[in-house]
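Undergrad: Pasting in a structure now, in structure tokens, and then I'll have a few things to ask.
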Amino acid sequence: MLISFLNALLPIPPNQPIVQIEYLDKELLPDIPMFKSTVVDIRCRDSAGRQFLVEMQLVYTDSFETRILFNACKAYSHQINRGDPYEVLSPVYSLNLVNQSFSRQKAECFHYYRLAHHTLQGRFMDGLHFVLVELPNFKPENFGEQRLTALWLRFLKEIENRTTMISEELLEVPEIAEAVEALKVNSYTREELEQYDKYWDTLRIQKAYVSDAFKEGKISEKIETARRMKEKGFNTLVIKDLTGLSEKEIEEIHF
């Protein structure tokens with residue numbers, strides 16, 4: 001399933017398809033222990049030595065592109081040991097699936113980045129490849145000649161935990177049919193979904209309590225600052241400007 005998925009989604013040369021993969025540790029450790037380690041969703045290597053990193057992101061953040069660049073560079077540099085020739089380095093492909101529009105280009109779903117010459121067209125430095133997919137922008141008609149790519153993206157966008165009606169076109173691809181069956185086997189029961197919903201409800205309530213406590217703490221600090229300022233003779237307008245408290249709140253503070 002993963003081999004089919006990667007071949008469909010990544011800009012792999014047509015004459016060099018992925019035919020075999022080995023799963024690698026998903027944690028990318030730093031060379032020096034005190035430096036930052038990161039974890040990706042999937043990390044694997046094919047028989048040609050190429051590495052593939054896969055990330056699935058529900059919400060796009062400003063730091064996302066920086067993080068995937070960091071992870072890919074780390075995976076690339078970790079291929080070589082002291083004394084090894086640079087020729088042992090193989091390309092790293094970073095595939096990133098985002099369930100949110102982020103580029104403000106509604107017609108664009110598939111974004112491919114690589115190191116390119118600033119002025120000379122067609123001049124590239126091989127080694128790092130980045131693919132970002134905006135799932136909300138996906139339209140099957142835009143992938144007319146890339147049927148397998150379109151079908152895998154349809155699987156990601158259309159098939160959910162409770163999906164019962166599945167297109168025959170998807171099931172015609174053995175790997176996608178296998179993925180559909182795997183989803184059925186691993187899908188939540190109604191009771192598990194209820195527990196899952198309760199978990200998130202509890203988490204939201206906890207976050208609300210923490211947020212309220214933080215706000216209360218901030219207000220307490222402001223009141224204490226205002227009280228000290230009143231003790232030292234600051235007038236109400238100055239205290240209001242520096243603490244953000246209202247005149248009424250300040251007037252009600254006693255010392």
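The values are calculated or read from the model by the stated rules, or taken from the named source; none is laboratory data. All values derive from a computational prediction rather than experimental measurement. With ideal geometry, Cβ positions are generated from the backbone for all residues, glycine too; neighbour counts draw on all protein chains shown.
Undergrad: Only one of these conditions is not met by residue 3: (1) part of a loop (DSSP other than H, G, I, E, B); (2) under 26 Å from residue 146 (Cβ atoms); (3) among the hydrophobic types (A, V, I, L, M, F, W, C); (4) out of contact with any Leu (no Cβ under 8 Å at 6 or more places or on another chain). Which number is it?
TA: The single condition residue 3 does not satisfy is (1).
Undergrad: Somewhere in the stretch 52-65, is a residue assigned to a helix (DSSP H, G or I) and over 16 Å from the mean Cα position of the chain (by Cα)?
TA: So the first thing to find is which residues in the stretch 52-65 are assigned to a helix (DSSP H, G or I), and the list is 64-65.
Pick out the ones that are also over 16 Å from the mean Cα position of the chain (by Cα) and you get none.
For the stretch 52-65, residues assigned to a helix (DSSP H, G or I) and over 16 Å from the mean Cα position of the chain (by Cα): absent.
Undergrad: Looking at 4, 77, 47, can you tell me which residue is at pLDDT 90 or above and touching a Phe, Trp or Tyr at 6+ places or on another chain (Cβ under 9 Å)? Please lay out each step first, then the result.
TA: Working: 77 fails: touching a Phe, Trp or Tyr at 6+ places or on another chain (Cβ under 9 Å); 47 fails: touching a Phe, Trp or Tyr at 6+ places or on another chain (Cβ under 9 Å).
Only one candidate passes the filter, namely 4.
Undergrad: Same structure, new question: (1) more than 21 Å from residue 43 (Cα to Cα); (2) under 21 Å from the mean Cα position of the chain (by Cα); (3) part of a strand (DSSP E or B): which one isn't true of residue 115, the others all being true?
TA: Here residue 115 meets the rest and fails (2).
Undergrad: Give me the pairs: first residue in the stretch 45-69 and farther than 10 Å from residue 98 by Cβ, second residue in a loop (DSSP other than H, G, I, E, B) and acidic (Asp, Glu), beta-carbon distance under 6 Å, and six or more apart or on different chains, which are they?
TA: Matching pairs, first to second residue: 54/41.
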